[in-house]
Amino acid sequence: MAEPKITLAEVEHVARLARLDLSEPEKKRMRFQLDAILTYIDKLRRLDTDDVEPTSHAIPMVNVMREDEVRPCLPTEEMLANAPEREGDFVRVPRIIEE
Amino acid sequence: MATIAELGIRYRSGEATPTGVVRAYLERIEALNPQVRAYFTVTRDTALAQAEAAEKRLKAGAPLGLLDGIPLAIKDVICTKGIRTACGSKILEPFVPPYDATVIARLGAAGAIILGKTNMDEFAMGSSTENSAFFPTRNPWDLGRVPGGSSGGSAAAVAADLALGALGSDTGGSIRQPAAFCGTVGLKPTYGRVSRYGLVAFASSLDQIGPFARDVRGAALILQAIAGHDPLDSTSTEVPVPDYTAALGRGIEGLRVGVPAEYFIEGMDPEVEAAVRAAIDVLKGLGARTEKVSLPHTDYALAAYYLIAPAEASSNLARYDGVKYGYRAAGGKDLIQMYGRTRAEGFGAEVKRRIMLGTYALSAGYYEAYYGKAQRVRTLVRRDFQQAFERVDLLVCPTAPSVAFKLGDKEDPLQMYLCDVFTIPVNLAGLPGLSLPGGFTATGLPIGLQLIGKPFDEATLLSAAYAYEQVTPWHTRAPELA
Amino acid sequence: MSRAADYEDVIGLEVHAQLLTRSKMFCGCPTTFGGAPNSQTCPICQGMPGVLPVINRRAVEFAMRTALALHCTINSGCRFARKHYYYPDMPKNYQISQYEEPLAVEGWLEIEVGGQVKRIGIQRVHLEEDVGKLVHEGTLETARASLVDFNRSGVPLMEIVSKPDIRSPEEAAVYFKALRAILIYLGVCDGNMEEGSLRCDTNVSIRPRGSSELGTKVEVKNLNSFKNVQQATAYEGERQRMAITSGQTIVQETRLWEADRSYTLSMRSKEYAHDYRYFPEPDLVPLKVEQRWADQLRTTLPELPVERQRRFVSQYGLPAYDADLLTQSRALADYYEAAVREYPKPKVVSNWVMSELLRELLGDDEAAISKSPIPPRNLARLLALIEDGTISGKIAKDVFEKMYRSGEDAETIVRREGLVQVADAGALGAVVGQVLASNPGAVEDWKKGKKQSLGFLVGQVMKATQGKANPALVNQLLLERLPKEP
Ligand SMILES: [Zn+2]
């Protein structure tokens, strides 16, 4: 069998970076599926792209800017209407330092 | 069953009124949506209020334009002020935007009426609308089959006449593929043609909003209303917007049409191939000159796409964390737990898979090998099209290698990804692409014909599609629903 | 065993300056400080779904001005990138910043330390957006929950990164001070460190003297005054010297300066791994800086602090100390020059500005100076009143204070309060006589040779005239009436 493209440890590391709590079965399934996709993607290696510039925008544009003008803000109540938890005019989050 | 243009004429002649039409649509939605499940939210009250306003304008002889009073459906990926915008996701289920997307503001200024928000694959990731966190949408032509995706709700709504037209979004084929599966017209405009402001981002460098309609003219009318520069979107261009309906009658005499060899692959549905070849003959019969062209990097486009789109998605979806809006998991003792649980419970399997893939592709040590490489391949895909368009005015090919498949048929993610093999290169190159009905299988399922144009040349796409539509019967067929 | 003195400091500074734009970096919300929580936000700076950033042109031009003033090369093409990490004060969980293609690179700034002029290299100047503010219930460590205010989220920041050319804590403070002065001169930042408009992180490593290699660097954050920069850098250098000379190794890390307790503290990593996953911001298009644009901005650059300081020495004959202090802020230097134009005795004006004016003002920035109730012209008039003998220098200080409180000019106050100096020998003679009569003890002392008693008697006369007497005349009259020197 070919070497897997991605190890379980890498799956765990990436899940941590992405702030996704995955269950053990999810991790195993994820590894298997990512491995299949990465194996498919491997076909890109066949292309020599050393002298090819990367494209980040298909339609090239430059210097799009706005003038420094103040626009009306969103009223605080409208902003907080969507917040899962608030305290006064603040958005409230659980303690930052890990338990 | 009317078209947008026909209804406009009836409004002006007084044969129909917006309130009457909207009531009829709301009734039809009530009757048929439980089967098709195209809508996630029906905005009954606002639709009726908008209809009354349109009616007043029409009575006063001062309609806002050709879309005044026309009832449309909006994919739930487009933000609507005061109307829940869930994006097919549990994580956004409680979200009510305090702002309108630019396209919504423009449709409003054109007098269009919004009937509701349509179901979709979660965060527009999918090709069957089965990835909706809420329920799958059914194909009106066969309720056991998928409508395509990710804009499956919008496509099904138009096909089932639950709206006269709709807006969808297309990142890798999400307008064109469901349009093909549902037998409607669907147009993905050139990247930058339509503002993305208020479109919940999936892959920012690929996403584009576009119209669905039952005929080409309808799609042209909606595009006319939403296209054009928006100062709120730095990637929207200032290229002038032509009069699309005026371009429809141009005909295709002498038009150079390219047939890309790489879009007729082994394993594709023979009925699809036959229908597309027949359509090419129709175009020839109308005076187009066809020639073979080659897009040699087509085979690599899908692989490049599945690095670029997930990478951008992993970044765009980082904001859904239970802090400011949307779903927050209960019981997290600290922030890290709250983040991890909220995102684990709030996102579905496909979204998690793409976040993982994208995060991996951008992570330290892999960026050049994956994301960087994919961006270089993107350049090669773009060049292929540039070279082809030196010789031809547009390209014609199938929209998808197959017709609508059965629900649950594609369990393997990679098999699902392959549905978009003919639509993805167009997004990578930022080009306009249009899918229109090009025939039916023996069992009565629609087949999509894809036209691909030069940047900002939607007018040529629309005129060629219109010419084809005028001499073919496909768009007049409707699914039987009761 | 190596000795601590064998090691030299290698220091680089990262300065974050809030730009003086009206609106935020990527949206139209105002940048004003001190609004009610979450009152200065919009869907864009809250990172709501589907919203898009648009670059503020003035922010770009401010960064370009700064880059030009720091002799940087402005990159002809630059772009924004997304920097990813999760923190609740950052609404998108990525910060729009610049990474591989910053606005400008490779510049320098001249500083003077101990009479030596030295060039500190500038590595890069780039633009980014600020994050919101967290309020902890108690301290970060003990808080059960934290509260987020997004008002600052999206405020434009400019980051200026020096090369590791700084060799002592003193140089670090001088560099920071010089940089602040330039930013204020350019009008791109108000330099207010208390409100966080200007913040500094320092990168400190040590290496054996003579070595050209760089040691392991430690980043010290949270420095918001010149004093902090100097003390924290000194502390960190010493900490590393002690560690190395006792055989320990330096760990690459981020430490926090605890100003109250004067030490640096290792920060608990808030990120599992520092993997920012930068990639080009797809919602923004690149900036292309044409030569013409840069040239046009160059013509609008003001005279910068170092040049102005040198000119103050040569043109006004001021001591270097005065010139340095007066040119720290453009507004103060402008004030000084306006006053000198009206009252052309540069050193006298300098003394008054440095001692009297700066004592009253709450800062030396644009806003504080413009709010000064004593415009330069009024200060000049006051000094003229001293020179022509209308008031005494002592009275002038009181008049100055009254001018500051009331905003009135000197003449008005002097006239109304009858502060005109008494220089009439007849009138003063009577007062002198009374003072001599009522202070026989002092007169006795004088006779015994205690010269200080003359001063006492002058003081008594001044007191009796409420300071209005001309001191020279009082002196003269007293000497006439007292017995000749014994
Ligand atoms: Zn804002």
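For C:Lys177, state whether it is among the basic types (Lys, Arg), surrounded by fewer than 21 Cβ atoms within 10 Å (Cβ to Cβ), within 16 Å of the ligand (Cβ to nearest atom) and at negative phi. No, not satisfied. The residues in segment C:26-69 that are of a type in the set (Phe, Trp, Tyr), more than 9 Å from the ligand (Cβ to nearest atom) and either in a helix (DSSP H, G or I) or buried (at least 24 other Cβ atoms within 10 Å of the Cβ) (or both) can be counted, and the count is 1. Condition first: under 13 Å from B:Ala157 (Cβ atoms) and loosely packed, with under 15 Cβ neighbours inside 10 Å. Can you find one or more residues in segment B:25-48 that meet it? So far as segment B:25-48 goes, yes, one or more of its residues are under 13 Å from B:Ala157 (Cβ atoms) and loosely packed, with under 15 Cβ neighbours inside 10 Å. From the list C:Glu106, C:Glu14, the one residue that fits, being at positive phi, assigned to a strand (DSSP E or B) and not β-branched (Val, Ile, Thr), is C:Glu106. Of the residues making up segment C:29-44, those that are touching a strand residue (DSSP E or B) at 6+ places or on another chain (Cβ under 8 Å) and closer than 23 Å to C:Asn93 by Cβ are C:Cys29, C:Thr31, C:Pro37, C:Asn38, C:Gln40.
Evaluated against (1) outside any strand (DSSP E or B); (2) closer than 24 Å to B:Asp321 by Cα; (3) touching a strand residue (DSSP E or B) at 6+ places or on another chain (Cβ under 6 Å), C:Met90 falls short on exactly one condition, (3). Taking the criterion of being within 26 Å of the chain's Cα centre (by Cα) and more than 30 Å from C:Pro37 (Cα to Cα), the residues of segment A:53-99 that qualify are A:Glu53, A:Pro54, A:Thr55, A:Ser56, A:His57, A:Ala58, A:Ile59, A:Pro60, A:Met61, A:Val62, A:Val64. Residue pairs whose Cβ atoms lie under 6 Å apart, sitting 6 or more positions apart in sequence or on different chains, and linking a residue in segment C:21-43 that is more than 23 Å from C:Val135 (Cα to Cα) to a partner that is within 11 Å of the ligand (Cβ to nearest atom) and among the aromatic types (Phe, Trp, Tyr), do not occur here.
Kindly indicate the residue of segment B:82-137 that is among the basic types (Lys, Arg) and over 19 Å from the mean Cα position of the chain (by Cα) and also surrounded by the most Cβ atoms within 10 Å (Cβ to Cβ) among those meeting that condition. Here the answer is B:Lys90.
Among the conditions (1) touching a residue at least 12 places away in the same chain (Cβ under 8 Å); (2) touching a Pro at 6+ places or on another chain (Cβ under 8 Å); (3) over 25 Å from B:Asp299 (Cα atoms), the only one that A:Phe90 does not satisfy is (1).
Assess whether B:Thr41 counts as being over 22 Å from the mean Cα position of the chain (by Cα) and at pLDDT 95 or above. Walk me through how you get there before you give the answer.
On the way: over 22 Å from the mean Cα position of the chain (by Cα): no; at pLDDT 95 or above: yes.
No, not satisfied.
Between C:Thr216, C:Thr264, which is at pLDDT 85 or above, under 28 Å from C:Glu171 (Cβ atoms) and of a type in the set (S, T, N, Q)? After applying the criteria, what remains is C:Thr216. Kindly indicate whether any position in segment C:229-252 is of a type in the set (D, E, K, R), assigned by TED's automatic domain parsing to the domain that holds C:Gly187 and closer than 30 Å to B:Ser314 by Cβ. No - not one qualifying residue is present in segment C:229-252. Do we find that A:Lys5 is more than 16 Å from the ligand (Cβ to nearest atom), without any contact (Cβ under 8 Å) to a residue 60 or more places away in the chain and loosely packed, with under 14 Cβ neighbours inside 10 Å in this structure? No.
Of the residues B:Leu380, B:Leu394, B:Leu335, only one is buried (at least 24 other Cβ atoms within 10 Å of the Cβ) and touching a helix residue (DSSP H, G or I) at 6+ places or on another chain (Cβ under 8 Å); which?
Every option except B:Leu394 fails the conditions.
Checking the structure you have, find out if any residue of segment C:12-25 is at pLDDT 95 or above, within 11 Å of the ligand (Cβ to nearest atom), of a type outside the set (Ser, Thr, Tyr) and in contact with a helix residue (DSSP H, G or I) (Cβ under 8 Å, 6 or more places away or on another chain). Yes; the residues of segment C:12-25 include at least one that is at pLDDT 95 or above, within 11 Å of the ligand (Cβ to nearest atom), of a type outside the set (Ser, Thr, Tyr) and in contact with a helix residue (DSSP H, G or I) (Cβ under 8 Å, 6 or more places away or on another chain). Here A:Glu77, A:Glu53, A:Glu69 are screened, and the one residue that is facing chain B (nearest Cβ under 8 Å), surrounded by fewer than 19 Cβ atoms within 10 Å (Cβ to Cβ) and among the charged types (D, E, K, R) is A:Glu53.
The values are calculated or read from the model by the stated rules, or taken from the named source; none is laboratory data. Predicted model, so just to flag it, every value in this text is computed and none were measured. Quick reminder, even Gly has a Cβ in these numbers, built from the backbone with ideal geometry, and neighbours come from all protein chains shown.
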